[in-house]
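Presented below is the structure to which this report refers.
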Amino acid sequence: MIADTAKKLLYLALGAMFVQQTFASIGRTLPLVIAPAIIEDLHIDPALVGVYVGAAALASLVFQLGCGSFIIRYGALRMSQVALVFLAAGMALAAAGPLVFFLISAIIGGGGAATSTPASSHLLGRYSPPKQAPLVFSIKQTAVPAGLLLAGLLGPFLTGHLGWSGALLVAAGACFLFAMMLEPLRGEFDSDRVPSRSFHFSDFRTTLAAVLKSKDLRELSLACFAFNGLQTAFTSYYVLYLTALNYDLAAAGLMFAIAMTIAVPMRIFWGWLSSGRVAPRRVMAGLSLGMAASAVLMSLYGADWSPLLIATVATGMSATAMSWHGVLLSEAARLAPPGMRGAATGGVLSFGQVGAFILPVIYGAQLAVTNSHGIGFLLCGVPALVVGIIMWRASRRLA
């Protein structure tokens, strides 16, 4: 009876966090998917996408380093609701139009999206059997490509019918509505909260120290830097890359959505593979090298490439750069100090946000100078190659 109850709670937690992460993914990605329409309407430089992405990444860095205490005090489910409300507010602000509102939107939305993953990791860490954690986390993280797929399909569709501001408002309303729907689950899922826990600025230092003191967590942090940086460059600039190759927004969005479909089964597959079959470090080494190879091939895109060939390369990028999360997050939760799953996960992810800031900014800067998307992907693939070598050596050390 106890085992059945635990299983039901795990399934309920997994379902709730899956939908939460789907909306978080839509909220963070939709402005980038429909960026060509926004750029054309507001007559702005495409390189400014890098500023938007960079601002969101910096906000994410701060939120992920500081959210641990809030998760402990208010509960993982409450902070999941807060994350969704922040995303809704961010998109609603962006829909207003002025560029300064986009900057504020990036900060609010980036912070909301950043909080969603540590909160869901803290919650699932309570209910997941340790051996099955990579698979459980990977299933939950399939919500990210699911959200990207929906953004790629619905973003251009809604933009065509309601305009880009209307598309953002629809997504904002959906995020807010689901945040309210989570309220009945708080009694169970926030039962471990500690109301006396307070936030201190020293929490930033404590979180970083917990990560940096551990060699294993340091390696995961470096991997997260490379993986999240390349992923963010891919989701931020891929549709713009295709429109530069003379694809219209609907076709580019469809190509992006097609690439995202492979990330859903691949996240589950990598999680299954890492659940006692292949060492997680070895799986991450293979993913790193696959990302680097995909980035090189993507840098070679040309107007004479067939849509099938372009989609095949993008699928390779999606199967690696969009599919690592469950393996890395479950390892971070496993290696976290007692009682610090959310904080340690946030600490590791904060290094990912540094990558999500630096690599897209480098991409945008070189785009402004060279007008070349290919060089951008080539540069963003270099850290993944380095991490692949480090992770392969680590997997041999731990074997």
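The values are calculated or read from the model by the stated rules, or taken from the named source; none is laboratory data. From a predicted model like this one, the values you see are computed outputs, not experimental measurements. Neighbour counts are summed over all protein chains in view; Cβ atoms, including those assigned to glycine, are modelled from backbone coordinates with ideal geometry. Just the protein is used for accessible areas: all its heavy atoms, side chains included, with ligands, DNA and RNA removed. Shrake-Rupley method; radii C 1.70, N 1.55, O 1.52, S 1.80 Å.
Labels on offer are (1) 16; (2) 13; (3) 23, and the one holding percent of Cα pairs over 38 Å apart computed from this structure is (2).
Annotation: extensible slack from residue 372 through residue 126 equals 83.9 nm (criterion: 0.36 nm per residue apart, minus Cα-Cα distance).
In region 127-180, Rg over Rh equals 1.19, where Rg is the alpha-carbon radius of gyration and Rh the Kirkwood radius from pairwise Cα distances.
Dividing the radius of gyration of the alpha carbons in region 27-95 by their Kirkwood radius gives 1.07 for Rg/Rh.
Within 10 Å of each candidate Cβ there may be at most 16 other Cβ atoms; applying that plus a DSSP loop requirement, which trypsin sites (Lys or Arg not before Pro) in region 255-326 survive? Passing sites in region 255-326 are 277.
Provide the per residue accessible area, probe 1.4 Å, for the chain, rounded to a whole number of square angstrom.
Here the per-residue accessible area is 39 Å².
The calculated pair-distance distribution of region 1-131 uses every alpha carbon pair, bins of 10 angstrom beginning at 0, and gives 13, 39, 27, 15, 6, 1, 0 percent.
Taking the inverse of the mean 1/r over every pair of distinct Cα atoms in region 143-276 gives a Kirkwood hydrodynamic radius of 18.8 Å. Go ahead and run the numbers for FRET between residue 62 and residue 312, Cβ-Cβ distance against an R0 of 45 Å, rounding to 0.05. That pair, residue 62 with residue 312, gives E of 0.75. Only protein heavy atoms count here; under a 1.4 Å probe, residue 197 has an accessible surface of about 90 Å². Rounded to the nearest 20, the Cβ-based charge dipole of region 147-284 about its Cα centre (Lys and Arg +1, Asp and Glu -1) stands at 600 debye. Solvent exposure of residue 19, expressed as accessible area, is near 50 Å², computed with a probe of 1.4 Å over the protein chains only. Averaging the sequence gap over all C-alpha pairs within less than 8 Å and six or more residues apart, then dividing by the number of residues, gives the chain a relative contact order of 28 percent. Its Cα gyration tensor gives region 82-191 an equivalent ellipsoid; the semi-axes, largest first and in whole Å, are 29, 16, 13. From the mean inverse distance of alpha carbon pairs (Kirkwood) and the Cα radius of gyration, derive Rg over Rh for region 350-390. My calculation of the ratio gives 1.03.
Note that region 267-284 has calculated 3J(HN,Hα) couplings of 4, 5, 4, 5, x, 4, 5, 7, 8, x, 9, 10, 4, x, 5, 5, 4, 5 Hz, one per residue in order, obtained from phi through the Karplus relation 6.51 cos²θ - 1.76 cosθ + 1.60 (θ = phi - 60°); glycine and proline are x.
Computed over protein heavy atoms with a 1.4 Å probe, the carbon and sulfur contribution to the accessible area of region 41-144 reaches 75%.
What FRET efficiency do you get for residue 180 and residue 8 if R0 is 22 Å and r is their Cβ-Cβ distance, rounded to the nearest 0.05? Computed FRET efficiency for residue 180 and residue 8: 0.45.
Note the count of lysine pairs whose C-alpha atoms are less than 21 angstrom apart in the chain, limited to pairs 8 or more residues apart or on different chains.
Lysine pairs, 8 or more places apart or on different chains, close enough: 5.
The phi torsions of region 190-195, fed into the Karplus equation with coefficients 6.51, -1.76 and 1.60 and a -60° offset, translate into couplings of 10, 5, 9, 5, 10, x Hz, rounded to whole numbers, with Gly and Pro shown as x.
Size estimate for region 241-363 follows the Kirkwood approach: the inverse of mean 1/r over distinct Cα pairs works out to 16.1 Å. Using the Cβ-Cβ distance between residue 248 and residue 45 with R0 set to 22 Å, the FRET efficiency works out to roughly 0.60. Spin-label pair residue 209-residue 157: with each label point 7 Å from Cα along the Cα-Cβ axis, the two points sit 5.1 nm from one another. From the alpha carbon centroid of region 177-198 to that of region 262-320 is 36 Å.
Taking all protein chains together and rolling a 1.4 Å probe, residue 8 ends up with roughly 140 Å² accessible. Taken as Cα centroids, region 368-382 and region 90-110 sit 26 Å apart, rounded to the nearest whole angstrom. Across region 378-385, coupling constants 3J(HN,Hα) worked out from phi with the 6.51/-1.76/1.60 Karplus curve, θ = phi - 60°, read 4, 5, 6, x, 4, x, 5, 4 Hz, and Gly and Pro carry x.
Charge dipole of the chain (Cα centre as origin; +1 on each Lys and Arg Cβ, -1 on each Asp and Glu Cβ, all else neutral): 1660 debye, rounded to the nearest 20.
The share of Cα pairs per 10 Å bin across region 250-292, counted from zero up to the longest distance, runs 25, 41, 24, 9, 0 percent.
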